[in-house]
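Bear in mind that the values in this text are calculations on the coordinates, not laboratory data. Everything numeric in this text was worked out from a predicted model, so none of it was measured. Note that we place each Cβ from the backbone using ideal geometry, even for glycine, and neighbour counts take in every protein chain shown.
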Amino acid sequence: MPSLIILVPLLGLIILNMPIGNFMRRGAFWFAIALFSAQVLLAVFHHSLAWTGKLPPVDALFKVGFTIDHLTFIMFICIGLVSFSSLLVARHAMGDEGELFKFINLLIIASVGMSGIVMVKDIFSLYIFLEITSIASFILIAFRKDVYGLEGAFKYLVLSAVATILMLTSIALFILVSGDTSFSTIGASLQSGNRVIVMLAIGIFICGLFIKGGVVPFHGWLPDAYMSAPAPVSILLAGIITKAAGIYTLIRITSAVFGFIEPVKAILMLAGTVSILFGAFAALGQNDFKRMLAYSSISQIGYIVLGAGTGTALGIAGAVFHLFNHSVFKSLLFVNASAVEKELKTNDMNRMGGLSYRMPITSATSMVGFLSTCGIPPLSGFWSKLLILIALWQTGHFAYATIAVLASVLTLAYFLMMQRKVFFGKLALGLENVKERGAGIMFVSIALAFITIGAGIFFPVIYNNFLLPIKEILVK
Amino acid sequence: MSLNLMQTFSIFGFFIILLFIVGTYCLVVTRNILRAVIALEILIKAVTLLLIVVGYITGNVALAQSLVITVIVIEVVIVVIAGGIALSVFRHNDDLDVRRLQNLKG
């Protein structure tokens with residue numbers, strides 16, 4: 001049954017691209033909307049029969065083994081939500097119907113790739129779905145074929161290919177040690193294998209995932225790609241692609257294959273802390289709205305990696321919740337950045353000012369987004385950071401916990417600067433005629449802001465139903 | 001591993017490492033977009049060879065075959081996209097120098 005998540009969009013794509021008339025192009029938008037809504041709803045109500053039922057004819061034809069657990073459900077919700085937002089923004093940002101159709105095709109391919117990543121249980125299928133997602137995102141970044149987009153796409157392509165090469169090398173070494181590609185077999189044979197080869201393979205694989213996730217010191221491509229991509233693509237990249245390809249895979253592989261052994265934990269926590277600090281300091285010095293959000297993403301991804309590095313059930317729950325929160329509020333901030341960019345035709349924060357008079361909803365939702373990023377209660381970002389901090393404290397990493405708290409202040413600093421430069425203060429010259437964007441973008445902003453607030457207020461419900469069961473991935 | 005397999009592995013291992021070094025050197029030194037793509041190709045060839053050898057040593061020839069064929073397919077797609085990007089860059093800049101791709105920084 002889970003294979004339908006992959007097969008239905010693929011079949012839909014084939015039908016949509018058949019040369020049987022123009023009405024298919026108009027149908028593409030609604031098909032994608034239905035697809036992403038269905039994905040989110042099925043994942044939210046995950047006790048339904050849809051996940052456990054069997055379809056013998058389909059299973060006989062499509063023999064990729066998939067597994068479903070609570071981590072997968074949370075990722076499904078993130079993938080659906082971010083793709084949905086990106087789609088609605090694209091409808092307003094792209095005037096041409098043909099362009100929108102191309103975008104929807106690539107968006108569906110990327111989301112199929114990500115759904116595959118979060119369901120697979122062998123390392124070879126993981127590689128295939130990672131590549132599907134990456135290939136769709138190269139094309140999406142270069143979508144407008146302008147110089148900036150091409151540059152960002154080329155940098156991402158080269159680094160992503162290097163990451164792929166590292167991962168394939170490590171897959172070869174895993175096969176050498178265990179003779180198979182499934183997570184469980186490799187995980188079982190790692191203890192008995194040759195120590196040097198095993199550590200080399202683990203190290204190489206983690207480097208590859210760090211490149212895909214944009215963790216410092218492998219973050220070079222990330223600000224360029226986020227900044228140069230068209231607005232809906234920035235939302236998709238920042239909201240979910242780097243997280244599904246890099247961070248989710250890191251959590252899954254570490255828990256299912258490597259196990260939380262001491263060297264892995266040390267690497268994760270060190271890389272996480274360096275990312276937090278580097279991203280925050282770099283964000284302080286930016287003048288470009290989207291570039292600042294990109295560095296802020298690096299910093300928040302650092303929190304996720306740091307939380308996952310504790311290796312306890314609480315730490316992983318915190319990391320996964322922060323991953324969810326980050327996809328929601330970073331999408332929200334990128335949606336607002338795209339609204340501002342579209343109105344002002346620039347991303348330079350020094351040329352903005354006083355926009356809260358002209359764009360009150362954008363300003364208010366941005367405030368919700370950045371307060372949640374900084375971890376102000378009762379917004380959802382507070383709870384995830386709290387979980388990560390408690391996990392760090394329980395495992396005795398007091399220095400890392402202190403740095404994580406202090407870096408939150410840095411987060412507040414650069415976001416307050418952003419809010420003051422862009423939205424508060426006197427209205428800058430030449431911005432008298434700026435208006436709010438269309439209803440679609442405002443709907444996305446408001447919905448994402450309500451999810452941020454709601455996830456904070458109803459945190460106990462989410463904790464009991466979605467986060468607590470995640471510890472099942474540790475018991476193998 | 002028996003002695004015979006060890007010998008096979010060391011011969012192939014030498015060439016795998018050689019290909020890795022050549023590819024990495026090419027990727028680091030070159031200033032041309034197409035040469036960077038070729039460098040990536042050389043690196044992927046090294047990995048492909050490694051996969052084949054690993055399949056032979058562990059006796060999983062069928063698994064290695066299916067892996068290698070998939071790797072080749074995906075690699076072709078990546079090269080096509082890289083070629084498309086190189087072509088578009090050439091149309092904008094009239095050359096393929098990566099030093100002119102430095103508009104984004106900060």
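Can residue A:110 be described as without any contact (Cβ under 8 Å) to a residue 40 or more places away in the chain, of a type in the set (Gly, Ala, Ser) and part of a helix (DSSP H, G or I)? Quick ask: steps written out before the conclusion?
Values: without any contact (Cβ under 8 Å) to a residue 40 or more places away in the chain: no; of a type in the set (Gly, Ala, Ser): yes; part of a helix (DSSP H, G or I): yes.
Criteria not met by residue A:110.
Return the residues of segment A:94-123 that are buried (at least 21 other Cβ atoms within 10 Å of the Cβ) and within 11 Å of chain B (Cβ to nearest Cβ); say none if nothing qualifies.
A:123
Pairs under 9 Å by beta carbon, first residue within 11 Å of another protein chain (Cβ to nearest Cβ) in segment A:218-240, partner of a type in the set (Asp, Glu) and buried (at least 24 other Cβ atoms within 10 Å of the Cβ), six or more apart or different chains?
From residues that are within 11 Å of another protein chain (Cβ to nearest Cβ), the pairs are A:224/A:151; A:228/A:151.
Restricting to segment A:264-289, give me the number of residues that are crowded, with 24+ Cβ neighbours inside 10 Å and within 14 Å of another protein chain (Cβ to nearest Cβ).
3
Taking residue A:177 and the conditions (1) more than 10 Å from chain B (Cβ to nearest Cβ); (2) more than 23 Å from the chain's Cα centre (by Cα), which numbered condition does it fall short on, given that it satisfies the others?
(1)
Give the residues of segment B:51-84 that are in contact (Cβ under 8 Å) with a residue 12 or more places away in the chain and either surrounded by fewer than 19 Cβ atoms within 10 Å (Cβ to Cβ) or over 18 Å from the mean Cα position of the chain (by Cα) (or both), sorted by residue number.
B:52, B:55, B:56, B:57, B:68, B:72, B:79, B:83
With the requirement that a residue be surrounded by 22 or more Cβ atoms within 10 Å (Cβ to Cβ) and either facing chain B (nearest Cβ under 8 Å) or of a type in the set (Val, Ile, Thr) (or both), what does segment A:150-164 give you?
Residues satisfying the conditions are A:150, A:151, A:152, A:153, A:154, A:157, A:161, A:164.
Could you list, ordered by first residue, the pairs with Cβ atoms under 8 Å in which the first is in segment A:164-190 and without any contact (Cβ under 8 Å) to a residue 60 or more places away in the chain and under 27 Å from residue B:77 (Cα atoms) and the second is assigned to a helix (DSSP H, G or I) and of a type in the set (Asp, Glu), at least 6 apart or interchain?
Hits for this filter: A:164/A:131.
I need a count of the residues in segment A:402-425 that are surrounded by 20 or more Cβ atoms within 10 Å (Cβ to Cβ), of a type in the set (S, T, N, Q) and out of contact with any Gly (no Cβ under 7 Å at 6 or more places or on another chain).
The total comes to 1.
Please verify whether residue A:192 is of a type in the set (Ser, Thr, Tyr), touching a helix residue (DSSP H, G or I) at 6+ places or on another chain (Cβ under 9 Å) and at the interface with chain B (Cβ under 9 Å from one of its Cβ atoms), treating the condition exactly as stated.
No.
Residues to consider are A:412, A:448, A:416, A:427; find the one that is of a type outside the set (Lys, Arg), assigned to a loop (DSSP other than H, G, I, E, B) and touching a helix residue (DSSP H, G or I) at 6+ places or on another chain (Cβ under 9 Å). Step through it out loud before you land on a result.
On the way: A:412 fails: assigned to a loop (DSSP other than H, G, I, E, B); A:448 fails: assigned to a loop (DSSP other than H, G, I, E, B); A:416 fails: assigned to a loop (DSSP other than H, G, I, E, B).
Result of the check over A:412, A:448, A:416, A:427: A:427.
Say whether the condition of being part of a helix (DSSP H, G or I), among the basic types (Lys, Arg) and under 20 Å from the mean Cα position of the chain (by Cα) is met by at least one residue in segment A:379-392.
Scanning segment A:379-392 turns up at least one residue that is part of a helix (DSSP H, G or I), among the basic types (Lys, Arg) and under 20 Å from the mean Cα position of the chain (by Cα).
Restricting to segment A:125-144, name every residue that is at the interface with chain B (Cβ under 7 Å from one of its Cβ atoms) and charged (D, E, K, R).
Looking only at segment A:125-144, we keep the residues that are at the interface with chain B (Cβ under 7 Å from one of its Cβ atoms), and these are A:128, A:131, A:135, A:138-139, A:142.
Of everything in segment A:125-144, just one residue is at the interface with chain B (Cβ under 7 Å from one of its Cβ atoms) and charged (D, E, K, R), namely A:131.
Quick check, is residue B:47 closer than 30 Å to residue A:155 by Cα and either of a type in the set (Asp, Glu) or in contact with a Ser or Thr (Cβ under 8 Å, 6 or more places away or on another chain) (or both)?
Values: closer than 30 Å to residue A:155 by Cα: yes; either of a type in the set (Asp, Glu) or in contact with a Ser or Thr (Cβ under 8 Å, 6 or more places away or on another chain) (or both): yes.
Against the criterion (closer than 30 Å to residue A:155 by Cα and either of a type in the set (Asp, Glu) or in contact with a Ser or Thr (Cβ under 8 Å, 6 or more places away or on another chain) (or both)), residue B:47 qualifies.
Identify, by number, the condition in (1) surrounded by 21 or more Cβ atoms within 10 Å (Cβ to Cβ); (2) within 8 Å of chain B (Cβ to nearest Cβ) that residue A:147 doesn't meet.
Here residue A:147 clears every test but (1).
What about residue A:182, is it within 14 Å of another protein chain (Cβ to nearest Cβ), of a type in the set (S, T, N, Q) and within 30 Å of residue A:295 (Cβ to Cβ)? Before the answer, list the steps.
Details: within 14 Å of another protein chain (Cβ to nearest Cβ): yes; of a type in the set (S, T, N, Q): yes; within 30 Å of residue A:295 (Cβ to Cβ): no.
Judged against the criteria, residue A:182 is not a match.
Does segment B:1-37 hold any residues that are exposed (fewer than 11 other Cβ atoms within 10 Å of the Cβ) and closer than 15 Å to residue A:162 by Cα, and which are they?
The one that is exposed (fewer than 11 other Cβ atoms within 10 Å of the Cβ) and closer than 15 Å to residue A:162 by Cα: B:28.
Starting from segment A:410-433, take each residue that is small (Gly, Ala, Ser) and list its partners that are assigned to a helix (DSSP H, G or I), counting only C-beta distances under 7 angstrom and pairs at least six apart or across chains.
A:413/A:284; A:428/A:351
Can you pull out the residues in segment A:199-233 that are surrounded by 21 or more Cβ atoms within 10 Å (Cβ to Cβ) and of a type in the set (Val, Ile, Thr)?
A:202, A:206, A:211, A:215, A:216, A:233
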